[in-house]
Amino acid sequence: MVEASVGFQCPECVRRGTRSQAITRTALGGRLRPQQTAVTYLLIAINAVVFLLEQVSPRFELRYALIPGETGFAHPYAGVAGGEFYRLITAMFLHASVLHIVFNMWALLVVGAPLEALLGRLRFLVLYFLAGLGGSTAVYLFAPRGSATLGASGAIFGLFAALFVFGRRLNFDIRPIGLVIVINLALTFVLSGVSWQGHIGGLLSGGALAAAWSYAPRAWRTPAQLLSSIALLAILLIAVAIRTTQLTA
């Protein structure tokens, strides 16, 4: 027998209980864990460290910001079009000012924590990066050449959209997050210096992925979620390849 908090249990009962706890999952397939905010805090920490590096080195931001193509560099198609595809990802961790990073990290904490708890760590991380890549791709497709774009806003708009879709699917009250999306979209087009391309791209990517995940048949949930993630990634990469061909032809 094994000593337990309520007396003694047989070893087989303990093993069954441990297995049952290990496979407990949320409605969207995420594995339940205590303190389910590790990835959210990790992303905030990475953004904070990168922002400090931006303050130390003035050229750091220019080296990693999203620049579709810039004639002032070493060759006519520097930036993403010149083969620096890493900028599509690194730009997601750069911020232009203290206010910029504070607002984005506050939004990430408020929206990211419940999403990570609902999705689990891996799914949440996939959602964040694909939404951010969707925002970067939209910037690459539609922003003027030579413009520099940076910030986590595309990924965060994707989280907004995902929370809205998941809430609707699970019959939660989606009015608060709907209002947040409307207000932030309005600010996107009212304030100067805001990348509407990144915000819209992240919003559409996060919403589409969330819809595919939440409406997948339960029996095929994990394969469907995996295939829809790969499909979105493929679409974004194809769009980047086509745009690169257009800019360098």
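Data table
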quantity	calculated
Region 81-106 versus region 141-211: alpha-carbon centroid distance in Å	15 Å
Relative contact order [Cα under 8 Å, 6+ residues apart], region 73-142, whole percent	36 percent
Mean Cβ neighbour count within 10 Å, used as a protection proxy, ranking 102-115, 185-198 highest first	102-115, 185-198
Relative contact order (%) - criterion: Cα under 8 Å, at least six apart; region: region 156-212	59 percent
Mean Cβ neighbour count within 10 Å, used as a protection proxy, ranking 220-229, 205-214 highest first	205-214, 220-229
Förster radius 41 Å - calculated FRET efficiency between residue 48 and residue 231, Cβ distance, rounded to 0.05	0.80
Accessible-area value, residue 101, 1.4 Å probe, nucleic acids and ligands omitted, Å²	20 Å²
Mean Cβ neighbour count within 10 Å, used as a protection proxy, ranking 129-135, 144-150 highest first	129-135, 144-150
Net +/- balance of residues flanking residue 166 in space, Cβ distance below 13 Å, scoring K and R +1, D and E -1	+1
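The values are calculated or read from the model by the stated rules, or taken from the named source; none is laboratory data. As the structure is a prediction and not an experimental result, all values here were calculated from the model. Glycine gets a Cβ as well: all are built from the backbone with ideal geometry, and neighbour counts include every protein chain shown. Keep in mind that these areas ignore ligands, DNA and RNA; they rest on the heavy atoms of the full protein, side chains included. Shrake-Rupley method; radii C 1.70, N 1.55, O 1.52, S 1.80 Å.
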